[in-house]
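The values are calculated or read from the model by the stated rules, or taken from the named source; none is laboratory data. Because the structure is a prediction, the values reported are computed rather than measured. Note: ideal-geometry Cβ built from the backbone for every residue, glycine included; neighbour counts use all protein chains shown. Just the protein is used for accessible areas: all its heavy atoms, side chains included, with ligands, DNA and RNA removed. Shrake-Rupley method; radii C 1.70, N 1.55, O 1.52, S 1.80 Å.
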Amino acid sequence: MSAQGSVGCEQFDVHADELALGQLDEPLRSALLAHAADCPHCRSLLDSLGTVADRLLLAAPRVEPPAGFETRALSRLDMGAARPPRRSISLWWVAAVAGGMVLAGAFVAARLDGEPKAATATIVAAAGGEVGSVQLIAEPTPHVLVTITAPRPGPATRNCELQRPDGTWVQVGWWDAADVASGVWAVGIDPTLLDATAMRIVSDGDVLATAAFD
Amino acid sequence: MMRHLDRLSDDALLAAVALEERDAVAVFVRRFQRRVYGLAVTMLGDAALADDLAQVTFERAWRHAGTYDARRASVATWLLTITRNLAIDAMRVRRAIPFDPDLVSQLLPHSSAVDPQQAAIDADQLGRLGVELAGLPVEQQRAVLLATLAGRTASEIADIEGIPVGTAKTRIRTGLRRLRIAVAEVAP
Ligand SMILES: [Zn+2]
């Protein structure tokens, strides 16, 4: 197989099935993926074959695992299998997809639909202009969810702070703008912070953006 | 708390896992362990290996819960692709895992009718894909399911089925491509 150099549509077509099934080795695999990246026709073929191959996994037989599986799986998570230690806080990112599209409503809607939201507010940049939105959510566990739709350049570390009704600010977490330019960030919060009156994003002592809950 | 978590949708439950809600992780494992272990044991054919691989699947899922994207796949599909990828890696290292030919017939769609309720759930989950799959010639169904659910290559399928490698390749290719219509977002 001539994996070196560029791959054409014909060669891609020959190997597309094995590629979608995850059965190809390097360097052919990378050569084919490089072709798909530049060729919309082959990319579409690979996407649809991959979707078929992935979704067929739902047809796998369901089998009761050996006794004690749940305990073993959970203790494995407890034992040193910690998440990357870079952040001590819990968070999740939804990376923006290529093309700058931020977040299909489907994701948030599917997750949050029907769950009581404590508050929602628009995030406004210090220099003016809408940056995104922030939600305080009570279920399934209290958390703040920040959606950045119009990222602004600036220092990498962004601290998220919530203001209590008494005016004091509490830092609830941080993220690194270098990780993801735009998307969703969330962190679990103390239930008393569901009463927060405002949110601000601070970096190196500068307030980059604010949001006021009604 | 647990009762409340039990009622969450798969997506919401995974979001709770991402937030490191300890009880959510337990509910998540309980909800999906039969599927994950079922795929692992189908691919590996070894209970101890499959047990270990299923545990690793849940560990990966927990670590990467934040990367889940509902636009691309359901939670169950996402989780099973983790299992599949781990199993393919494991099979690379430890090839020539004996394959029980009877398992093929168990994988065929109509065989799940032994448990009508289960069959109804599967048909619902697979949706149009299940309908199209059942419409393929049986030899194509077998080749496609051996390639996807059992992670077998064309040459392994040729051995299992006693057919030339070229024939196995053609069956996989024809079957997979006919199934694409079932996942097309908009009718052409
Ligand atoms: Zn092409």
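Structure data summary
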| item | result |
| --- | --- |
| Summed buried accessible area for B+A [probe radius 1.4 Å, Å², rounded to 100] | 6200 Å² |
| Cα principal axis extents for region B:2-95, largest first, Å | 42, 26, 17 |
| Global geometry of region B:1-46, whether rounded, prolate or oblate, following the gyration tensor of its Cα atoms and the 1.5 cut on a/c | prolate |
| For peptides A:49-59, B:21-31, sequence by mean Cβ density within 10 Å, most packed first | A:49-59, B:21-31 |
| Shielding by partners, peptide B:171-178 (average Cβ within 10 angstrom, other chains) | 4 |
| Where labels lie 7 Å past Cα in the beta-carbon direction, separation of residue B:59 and residue B:6 in nm | 3.0 nm |
| Spacing of the two label points (7 Å from each Cα toward its C-beta) at residue B:30 and residue A:75, in nm | 1.9 nm |
| Debye equation applied to the C-alpha atoms of region A:1-64, log10 I(q)/I(0) at 0.22, 0.24, 0.26, 0.30 Å⁻¹ | -0.84, -0.96, -1.09, -1.36 |
| Total formal charge among the other residues, if their Cβ is under 14 angstrom from that of residue A:33, Lys/Arg +1 and Asp/Glu -1 | -3 |
